[in-house]
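Student: The structure follows.
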Amino acid sequence: MLQRMRFGCPSRSTPVRYDLNVSVAVQCQGLRKTYDGKVEAVRGLDLEIFTGECFGLLGPNGAGKTTTIEILEGLLEPTSGEVEVLGRNWQTHARELREWLGISLQETRLSEKLTVRETLQLFSSFYQHPTPVNVVLEELSLQEKADSLVGKLSGGQKQRLAVATALVANPKILFLDEPTTGLDPQSRRQLWDIVRQFQKRNGTVLLTTHYMDEAERLCDRLAIIDHGQIIAAGTPSELIERLTGHHIVEFAVSDRPANNGDAWSKLPGVQSVRVEDGLFSLRVNEPHETIPALLAEVQEQRAHLVHLTTRQASLEDVFVQLTGRHLREE
Amino acid sequence: MATIEQPPVATGPEQAVVTNGRWAGYARLLQMRMLELWREPEVIFWVFVFPLLLALGLGIAFREKPPDVTPVAVVAGWKANEVVALLQRSHEHASIRAEVLSAAAALDGFRLGKYALVVSMDDAGVHYRYDPARPESVLARTQVNDALEDAAGRKNPIPTASTASSEPGARYIDFLIPGLLGMNLMNSGMWGVGFALVEMRQRKLLKRFVATPMRRSDFLLALVSSRLALMLIEVALLLVFGVLVFHVRVEGSVASILLIGALGAVSFGGVGLLTASRAQKIESVSGLINLVMMPMWIFSGVFFSYERFPKVFLPAIRALPLTALNDALRAIILQGDSLTSQLGRIAVLAIWGGVSFVLALRWFRWS
C-alpha cells in the first residue's frame, strides 16, 4: 500500500504554519472518525491547506470526504485528531470561526416558500459583517431570480443559491461539499467561475468532488481519498506525472482473445499494462516511441488492430492505478 | 496543542460589508417564519379556518330548537270539540296541536308518524292510543293527559313552576368555544413547532443553520415568538366569531384570556419541541404528535365534560395540560374568574411547558 503523504511546500524544511508568505488556512493531523464504534469513516488523515488556494478532496462515494469536510467545518466531532482552522480550534473559538467560514453542505434543501432574496437576507443576518445581499446576487447571476420562490428554481440555480448562502457570509474560507453533483455541464462551469472569482479575492476554498475533471481544472492541489485515507496528494499535474506517466495508449486487437499482455509490457516506454473488457491500456511516457513498436508487434502476432487511441493521462487513471477501481464505480 | 501565540488571521477577500446588530438574526428568523406560514395555504386553513368551521358546524348541530309542538289527532265525534277546547285552555296550549279527524284518518296518520297520539272519547272517558316504542308518543300521552286533567280543574297538591333555560352562558356552544380554543392552541403548537422542526431537520436546514454563527437560542426564540403571534390571531378570530355568530358572552377580561392563551401556546410549543427533539423523519414525528395529542382530545374536555369519566381518572385528567388550559379558559371566559383563581391550572401548564423545554434542549439534535 502506498504511504500516506504529508503536505507542505517541498522546498521548505521548517513548518510553514507561521510563515508570513504562505499561511495555513486549514490543518488537521491524525484525523479519525468512527461511527458507533464500528464504521471507520476516516482513518488517520493529515491535511494542510494554504491561504488562497483551492484544495480538492477527490474520491468515490463513501470514501470519507463528507465526514472529513464536516469535521473541518466543526459540524462533527472527530473521534481523535487535531483540527486547526485559521489558527483557531473548534473547542475554544467556535463562534469566531463560524463568522469566518462560508459553508455549503451536501443536499441542503432550503425553504421553498422563501424567495432567493429572502433566503440570502436570512443567512446574511446571522453574520456580523456579511456581504450585501445585492452584491452576492449579482456575483452569482441570481438577480433575475431574486424574487422567485426557492421551490421554483432549477437544480443549477438551487445549487448556486446554496453557494450564495455561503458567500453572503463574506467568508475567508469557503467549504463546498460536492457543489456540482447532479448538475448539467453549463451549471457546473458557472460554479467553477464562482469559485475562481472567490479565489481571486484571496479566498481559500476546500471542496469535495467525485468528478476528476472538476478536480483537475479547479483545484490547485488535491488529495485523493479512498476508504478514509489519503492515497495520493499533490497538484493535479504532479499526481498524473508521478503516478501514471504522461500518456495513455488504449487499443484492442481481434483474434487474440486470451492475450495476457506480456508482449505489450516489453514494448519501449511502457510502464504498465491494464486489461479491461479486451481493451488494453498502456501507461507510456513517449507515445511516439511506443506506437510504432506496438503496430509492429500487432503485425507480428498476425492480429488485427480494431481500436487505437492515445490521450493525456487523467486523475481517473491515477485513481485506477492506485486502487484498481474507477472513481464512479458503485 | 500548546498555543504560544495566535498566528495572524489570514486576510479574507476584501469586499463591501454591512454590519448586523445583536438581534438581526432573531428578527429575520421571525420574519421568515411568518412569511413561510403565510405562504402555506394548509396552515392558514388548519389554524384559522378549520376551528371556525368546527365551531360553526357543532354550534348549528346543537343549537336551540324552537320548542317542540306535539301533533295530536282527536277522533271526531262525541265531546271531540270539548277536548280540543280544554287543550286550548290548558297551560300546554302552545306545545300541543290538536286536529279533529275521522277515526280511520286519525289511525292512518298515527301509523305514518304524522301524529304522536290519538285521543278518542267514549262513555268511560278519554282513551289514548300511543306507541310505547316512540319516545315522543309516550311523552305526548303524559303531556296531553296532564293538560286535560289540569284544564278540567285538577287540584295539584304542590304548586310547581318551570323555566326554560337557553340563555347565553349555559348552552353547548358556550362550553364548546373555550374547548376549541384550547384544542387549537394545542394543535398549532404541536404541529407548528414539532412538525416544522423535524421537516427542517430532514431537509438538513437545521444543520445548515448551525453551520453559521446563528445563535441557537435566537432560533428557538423566533419559533416561540411566531407561535405567540399566531396565538393572538387564533384566539381573536374564534372569540370574535363566537360573539358575533352565537352571541357568546365573554365574562372575563381579554387580557387574562390572552395571558392564558400565551401560556398555553408556549407550553404546547415546549411539548412540541420535546416531541420533535430527536425524530429524523416527518412520518415518525407525525405519529408521535398524534400519540401525544390523542389522549387529550378524548380526556381533556374539548367537546364534552370530562366529569363523565370515572372519578378515579379525574386527578390524572386534570393534570393534562389541555385540561388545565380548557378549564382555565372556561373559567375566565364563561364565569369571569380572575387569573389568581387559576393559579393551580397555570402551574400545571407552566410545569408541562418548562419541563418539556428543558428536556428538549438537552436531547435536541440539530442534524
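The values are calculated or read from the model by the stated rules, or taken from the named source; none is laboratory data. Computed from a prediction, not measured in an experiment: that's the story for all the values here. Backbone-built Cβ (ideal geometry, glycine too); neighbour counts: all protein chains shown.
Student: Which members of the range B:250-264 meet the condition of being small (Gly, Ala, Ser), in contact (Cβ under 8 Å) with a residue 40 or more places away in the chain and closer than 15 Å to B:Arg227 by Cβ?
Tutor: B:Gly261, B:Gly264 - these are the residues of the range B:250-264 that are small (Gly, Ala, Ser), in contact (Cβ under 8 Å) with a residue 40 or more places away in the chain and closer than 15 Å to B:Arg227 by Cβ.
Rundown of residues vs (1) assigned by TED's automatic domain parsing to the domain that holds A:Leu105; (2) under 22 Å from A:Glu316 (Cα atoms); (3) at pLDDT below 90, yes/no style:
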| site | (1), (2), (3) |
| --- | --- |
| A:Leu2 | no, yes, yes |
| A:Gly8 | no, no, yes |
| A:Cys28 | yes, no, no |
| A:Asp36 | yes, no, yes |
| A:Arg43 | yes, no, no |
| A:Glu48 | yes, no, no |
| A:Phe55 | yes, yes, no |
| A:Leu58 | yes, yes, no |
| A:Thr66 | yes, yes, no |
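Student: Please go through the range A:47-59 and give me each residue that is charged (D, E, K, R) and surrounded by 19 or more Cβ atoms within 10 Å (Cβ to Cβ), ordered by number.
Tutor: Listed by number, the list holds a single entry, A:Glu48.
Student: Just one of B:Phe304, B:Phe313 is surrounded by fewer than 23 Cβ atoms within 10 Å (Cβ to Cβ) and either among the small types (Gly, Ala, Ser) or outside any helix (DSSP H, G or I) (or both); which is it?
Tutor: Criteria check complete, one pass: B:Phe304.
Student: In addition: If I go through the range B:125-149 residue by residue, how many of them are over 40 Å from the mean Cα position of the chain (by Cα) and closer than 17 Å to B:Asn81 by Cα?
Tutor: 8
Student: Further question on the same structure: For residues that are in contact (Cβ under 8 Å) with a residue 40 or more places away in the chain and touching a Leu at 6+ places or on another chain (Cβ under 9 Å), scanning just the range B:199-208, find the one that is farthest from A:Ala94 (Cα to Cα).
Tutor: The selected residue is B:Glu199.
Student: Could you tell me whether the range B:352-364 includes any residue that is within 14 Å of chain A (Cβ to nearest Cβ), surrounded by fewer than 18 Cβ atoms within 10 Å (Cβ to Cβ) and either touching a residue at least 40 places away in the same chain (Cβ under 8 Å) or under 19 Å from B:Val224 (Cβ atoms) (or both)?
Tutor: No, there is no match, as no residue in the range B:352-364 is within 14 Å of chain A (Cβ to nearest Cβ), surrounded by fewer than 18 Cβ atoms within 10 Å (Cβ to Cβ) and either touching a residue at least 40 places away in the same chain (Cβ under 8 Å) or under 19 Å from B:Val224 (Cβ atoms) (or both).
Student: In addition: State all residues of the range A:201-227 that are in a helix (DSSP H, G or I) and basic (Lys, Arg); if no residue qualifies, say none.
Tutor: Correct list: A:Arg217 only.
Student: Can you pull out the residues in the range B:27-86 that are among the basic types (Lys, Arg) and either in contact (Cβ under 8 Å) with a residue 40 or more places away in the chain or under 30 Å from A:Leu122 (Cβ atoms) (or both)?
Tutor: Correct list: B:Arg28, B:Arg33, B:Arg39, B:Arg63, B:Lys79.
Student: Among the residues of the range A:162-200, write down those that are part of a helix (DSSP H, G or I) and either within 12 Å of chain B (Cβ to nearest Cβ) or under 22 Å from A:Val85 (Cα atoms) (or both).
Tutor: A:Ala162, A:Val163, A:Ala164, A:Thr165, A:Ala166, A:Leu167, A:Val195, A:Arg196, A:Gln197, A:Phe198, A:Gln199, A:Lys200
Student: Within the range A:283-330, restricting attention to residues that are under 23 Å from A:Gly234 (Cα atoms) and touching a Leu at 6+ places or on another chain (Cβ under 7 Å), which residue is surrounded by the fewest Cβ atoms within 10 Å (Cβ to Cβ)?
Tutor: A:Leu322
Student: Let me ask something else about it. Quick one: what pairs do we get from the range A:74-90, first residue buried (at least 20 other Cβ atoms within 10 Å of the Cβ), second part of a strand (DSSP E or B) and among the basic types (Lys, Arg), C-beta under 7 Å, 6+ apart or different chains?
Tutor: Sorted first by the residue in the range A:74-90, then by its partner, the pairs are A:Pro78/A:Arg32; A:Pro78/A:Lys33.
Student: Take B:Leu244 and tell me if it is in a helix (DSSP H, G or I) and crowded, with 18+ Cβ neighbours inside 10 Å.
Tutor: no
Student: Let me ask something additional. Quick one: is B:Ala236 surrounded by fewer than 20 Cβ atoms within 10 Å (Cβ to Cβ) and of a type in the set (Gly, Ala, Ser)?
Tutor: Taking the combined requirement at face value, the residue satisfies it.
Quick grid of which residues meet (1) over 28 Å from B:Thr160 (Cβ atoms); (2) modelled with pLDDT under 85:
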site: B:Pro67; (1), (2): no, yes
site: B:Val72; (1), (2): no, no
site: B:Trp78; (1), (2): yes, yes
site: B:Ala106; (1), (2): yes, no
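Student: For the range B:284-303, give me the residue count where each residue is of a type outside the set (S, T, N, Q) and in contact (Cβ under 8 Å) with a residue 40 or more places away in the chain.
Tutor: Total meeting the criteria: 10.
Student: Based on this model, can you work out whether A:Gly44 counts as under 25 Å from A:Arg325 (Cα atoms) and assigned to a strand (DSSP E or B)?
Tutor: Considered against the rule, which asks whether it is under 25 Å from A:Arg325 (Cα atoms) and assigned to a strand (DSSP E or B), A:Gly44 comes out as yes.
Yes/no matrix, rows are residues, columns are (1) out of contact with any Phe, Trp or Tyr (no Cβ under 8 Å at 6 or more places or on another chain); (2) more than 30 Å from A:Ser23 (Cβ to Cβ); (3) modelled with pLDDT under 95:
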site: A:Thr119; (1), (2), (3): yes, yes, no
site: A:Tyr127; (1), (2), (3): yes, no, no
site: A:Leu149; (1), (2), (3): yes, yes, no
site: A:Ser154; (1), (2), (3): yes, yes, yes
site: A:Pro185; (1), (2), (3): yes, yes, yes
site: A:Ile194; (1), (2), (3): yes, no, yes
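Student: Would it be correct to say that B:Gly25 is closer than 30 Å to A:Val26 by Cβ and either assigned by TED's automatic domain parsing to the domain that holds B:Asp131 or modelled with pLDDT of 90 or more (or both)?
Tutor: Spelling it out, B:Gly25 is indeed closer than 30 Å to A:Val26 by Cβ and either assigned by TED's automatic domain parsing to the domain that holds B:Asp131 or modelled with pLDDT of 90 or more (or both).
Student: Okay, next question. I'd like to check which helices (runs of 4 or more DSSP H) are fully inside the range B:23-121 and have at least 2 residues that are over 30 Å from B:Ile233 (Cβ atoms).
Tutor: B:80-89, B:103-111
Student: Among the candidates B:Ala170, B:Ala124, which residue alone is hydrophobic (A, V, I, L, M, F, W, C), under 26 Å from B:Phe304 (Cα atoms), modelled with pLDDT under 90 and surrounded by fewer than 19 Cβ atoms within 10 Å (Cβ to Cβ)?
Tutor: B:Ala170
Student: Looking at the range B:198-219 only, could you name the residues that are part of a helix (DSSP H, G or I) and under 23 Å from A:Val168 (Cα atoms)?
Tutor: B:Met200, B:Arg201, B:Leu205, B:Leu206, B:Lys207, B:Arg208, B:Phe209, B:Val210, B:Arg216, B:Ser217, B:Asp218, B:Phe219
Student: Now a separate question. Going through A:Gly44, A:Gly62, A:Gly37 one at a time, which residue ends up being over 19 Å from the mean Cα position of the chain (by Cα), more than 10 Å from every other protein chain (Cβ to nearest Cβ) and surrounded by fewer than 19 Cβ atoms within 10 Å (Cβ to Cβ)?
Tutor: One residue alone meets the criteria, A:Gly37.
Student: Is it true that A:Glu144 is more than 24 Å from B:Val17 (Cβ to Cβ), surrounded by fewer than 20 Cβ atoms within 10 Å (Cβ to Cβ) and either facing chain B (nearest Cβ under 9 Å) or of a type in the set (D, E, K, R) (or both)?
Tutor: It is true that A:Glu144 is more than 24 Å from B:Val17 (Cβ to Cβ), surrounded by fewer than 20 Cβ atoms within 10 Å (Cβ to Cβ) and either facing chain B (nearest Cβ under 9 Å) or of a type in the set (D, E, K, R) (or both).
Student: Filtering the range B:27-70 down to residues that are acidic (Asp, Glu) and surrounded by fewer than 17 Cβ atoms within 10 Å (Cβ to Cβ), which residue is farthest from the other protein chains (Cβ to nearest Cβ)?
Tutor: Residue satisfying both the conditions and the ranking: B:Asp68.
Student: Here is a further query. Considering the range A:88-134 alone, what residues qualify as being more than 7 Å from chain B (Cβ to nearest Cβ), in a loop (DSSP other than H, G, I, E, B) and closer than 21 Å to A:Gly74 by Cβ?
Tutor: Once the filter is applied, which keeps residues that are more than 7 Å from chain B (Cβ to nearest Cβ), in a loop (DSSP other than H, G, I, E, B) and closer than 21 Å to A:Gly74 by Cβ, the range A:88-134 yields A:Asn89, A:Gln106.
Student: Identify the residue in the range B:191-229 that is among the small types (Gly, Ala, Ser) and over 11 Å from B:Gly272 (Cα atoms) and, among all such residues, is surrounded by the most Cβ atoms within 10 Å (Cβ to Cβ).
Tutor: B:Ala211
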